[in-house]
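J.: Structure incoming, see below.
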Amino acid sequence: MMESRYEGYTTVFTDGSSTAKSSSAAYVIPSASESYGCGQSHRTSSTSAVLYAILQFMKRSVDCSPHNWIIYTDSRVALQCIHNMGIRGSLGPVVVDILRAFQSLAKKGHRVALQWIPGHIGIHGNEQADSVATAAHRHR
């Protein structure tokens, strides 16, 4: 199902993680065997961590040749923040940065889609992103 809807798109999985002391963000591009994880020294919400993961992927992609990307996340709240341009509150700055990144990518010929997937049900790329985000807590 995931492959047919976004045929011709490169798949990206994102995830964020929060503990009592820190947060982390991650993305995985299975077809490129690429993963990125970043720990933060302070705690944020898991939604903020997911938004940061999406932003980091978009920043990484801006200098790539034009591409079609499908970004999967298991955070409905993060997607709602982006969709509703949830610019108020503590998530506002990262949402604004994501919207700007969308514009930059579109100007360079990229197509980017965001899609929710259920978490922790064995979707391999999603599980990889979760593992990278969890490991990133140790590398702040």
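J.: For residues that are over 11 Å from the mean Cα position of the chain (by Cα), buried (at least 19 other Cβ atoms within 10 Å of the Cβ) and modelled with pLDDT under 95, tally how many sit in region 47-81.
T.: Qualifying residue count for the region: 1.
J.: I would also like to ask the following. Could you tell me whether any residue of region 13-25 is polar (S, T, N, Q) and either closer than 17 Å to Leu99 by Cβ or in contact with a Phe, Trp or Tyr (Cβ under 7 Å, 6 or more places away or on another chain) (or both)?
T.: From region 13-25, those polar (S, T, N, Q) are 14, 17-19, 22-24; that's our starting set.
In the following step, the residues that additionally are either closer than 17 Å to Leu99 by Cβ or in contact with a Phe, Trp or Tyr (Cβ under 7 Å, 6 or more places away or on another chain) (or both) were identified as 14.
Yes.
J.: Kindly indicate whether Ser31 is surrounded by fewer than 18 Cβ atoms within 10 Å (Cβ to Cβ), in contact with a strand residue (DSSP E or B) (Cβ under 7 Å, 6 or more places away or on another chain) and closer than 19 Å to Gln115 by Cα.
T.: Details: surrounded by fewer than 18 Cβ atoms within 10 Å (Cβ to Cβ): yes; in contact with a strand residue (DSSP E or B) (Cβ under 7 Å, 6 or more places away or on another chain): yes; closer than 19 Å to Gln115 by Cα: yes.
Yes, satisfied.
J.: So which pairs qualify, if the first residue must be in region 54-69 and within 16 Å of Glu34 (Cα to Cα), the second must be part of a loop (DSSP other than H, G, I, E, B) and β-branched (Val, Ile, Thr), the Cβ gap must be under 7 Å, and the two must be at least 6 apart or on different chains?
T.: Sorted first by the residue in region 54-69, then by its partner, the list stays empty.
J.: Of the residues in region 106-139, how many are surrounded by 13 or more Cβ atoms within 10 Å (Cβ to Cβ), part of a helix (DSSP H, G or I) and in contact with a Pro (Cβ under 9 Å, 6 or more places away or on another chain)?
T.: The qualifying residues number 3.
J.: What's the total number of residues in region 1-10 that are assigned to a loop (DSSP other than H, G, I, E, B) and modelled with pLDDT of 95 or more?
T.: Start the filter on region 1-10 by keeping residues that are assigned to a loop (DSSP other than H, G, I, E, B), which leaves 1, 6-9.
Then drop every residue that is not modelled with pLDDT of 95 or more, which leaves 9.
Total meeting the criteria: 1.
J.: Which residues, counting only those in region 11-28, are in a strand (DSSP E or B) and either out of contact with any Ser or Thr (no Cβ under 8 Å at 6 or more places or on another chain) or under 19 Å from Ile117 (Cβ atoms) (or both)? Spell out how you get there, then give the answer.
T.: Kept after step one, since they are in a strand (DSSP E or B), are these residues of region 11-28: 11-18, 23-28.
Thr11, Val12, Phe13, Thr14, Asp15, Gly16, Ser17, Ala25, Ala26, Tyr27, Val28, listed by residue number.
J.: Separate question: Hey, among the residues in region 9-22 that are within 9 Å of His137 (Cα to Cα) and in contact (Cβ under 8 Å) with a residue 40 or more places away in the chain, which one's nearest to the chain's Cα centre (by Cα)?
T.: Within region 9-22, the match that is nearest to the chain's Cα centre (by Cα) is Ser17.
Here's the yes/no breakdown for (1) outside any helix (DSSP H, G or I); (2) within 16 Å of the chain's Cα centre (by Cα):
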{"position": "Gly89", "(1), (2)": "yes, no"}
{"position": "Val95", "(1), (2)": "no, yes"}
{"position": "Arg100", "(1), (2)": "no, yes"}
{"position": "Ser104", "(1), (2)": "no, no"}
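J.: Continuing with the same structure: Filter region 38-73 for residues that are assigned to a helix (DSSP H, G or I) and out of contact with any Phe, Trp or Tyr (no Cβ under 9 Å at 6 or more places or on another chain) and give the result. Full working, then the answer.
T.: Taking region 38-73 as the starting set, the residues that turn out to be assigned to a helix (DSSP H, G or I) are 46-61.
Within region 38-73, Ser46, Thr47, Ser48, Ala49, Val50, Leu51, Tyr52, Leu55, Lys59 qualify.
J.: Shifting gears a bit: Determine which single condition Arg138 fails, assuming it passes every other condition in (1) under 20 Å from Met85 (Cα atoms); (2) of a type in the set (D, E, K, R); (3) in contact (Cβ under 8 Å) with a residue 24 or more places away in the chain.
T.: (1)
The values are calculated or read from the model by the stated rules, or taken from the named source; none is laboratory data. What you see is a predicted model; the values in this text were computed from it and never measured. So basically every Cβ, Gly included, is an ideal-geometry build from the backbone, and we count neighbours across all protein chains shown.
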